[in-house]
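The values are calculated or read from the model by the stated rules, or taken from the named source; none is laboratory data. Remember, it's a predicted structure, so these values are computed and weren't measured experimentally. Here the Cβ positions follow ideal geometry from the backbone for every residue, glycine too, while neighbour counts run over all protein chains shown. These area figures cover heavy atoms from the full protein model, side chains too; ligands, DNA and RNA do not enter into them. Shrake-Rupley method; radii C 1.70, N 1.55, O 1.52, S 1.80 Å.
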Amino acid sequence: MEFDDGLEKAISDLARSGGSRPLKELASGDWTSVQVLTGPASGARIERELGRPVTVEGDGTHSGDYVQDGNLLVFDRDGATTRMVSLGTLAAIGDGKYRADVVLKAQGGAITMTDPDGRPAGR
């Protein structure tokens, strides 16, 4: 688990200024889906959401639990975790599982997740 100050700032700026951006532009890397959770979240809850065992350690964790109040993003490729990112206390993204082509759309200071065509992204 790592804090990503750049990603946190980009999402926070988007929420304030409005507009939309593909998450892939903000969170580069080799991933095909992202699971978003809002903390704090126990390690057991994270495993339930992901459907597999996971080690929760690093920035924003304590004793195997995610202890931050903000979003936790778990980036996957073909069912394997490639990166776990804490946004600290920023909780602008709704919980759910999204494909790599998801677009973040700012509305009223919050972020909604949409498919590239603007429809609400499946959770």
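Can you grab the distance from the C-alpha centre of segment 104-119 to the C-alpha centre of segment 56-102, Å, no decimals? If we compute the Cα centre of each part, the gap is 19 Å. Potential lengthening of the chain between Ala80 and Asp101 amounts to 5.8 nm, from the contour at 0.36 nm per residue minus the alpha-carbon distance. Helices in the chain, meaning DSSP H runs of at least 4 residues, each add -39500 (n - 2.57). Divided by all residues, the mean residue ellipticity at 222 nm is -5500 deg cm²/dmol. Between the listed residues Val67, Pro120, Leu7, the Cα displaced farthest toward the positive end of the dipole of the chain, a dipole computed from Cβ unit charges relative to the Cα centre, is found at Pro120. The residues of the chain have, on average, 50 Å² of accessible surface per residue, using a 1.4 Å probe with all protein chains present.
Computed from the Kirkwood radius of its Cα pairs, the Stokes-Einstein diffusion coefficient for the chain at 4 °C and 1.567 mPa s stands at 91 µm²/s.
Using a cutoff of 8 angstrom between alpha carbon atoms and counting only pairs six or more residues apart, the relative contact order for segment 2-114 works out to 37 percent. Given in Å, the Rg to one decimal and the Dmax to the nearest whole number for the Cα atoms of segment 65-113 are 11.7, 34.
Across the accessible surface of the chain, with the other protein chains kept in place and a 1.4 Å probe, carbon and sulfur atoms take up 46 percent. Roughly how tilted is helix 5-17, in degrees to the nearest 10 and between 0 and 90, from the longest Cα axis of the chain? So the helix axis and the longest Cα principal axis differ by about 40 degrees.
For a modelled paramagnetic label at Asp59, 7 Å from Cα along Cα-to-Cβ, the residues of segment 1-26 in reach, with backbone nitrogen under 12 Å, are 1-9.
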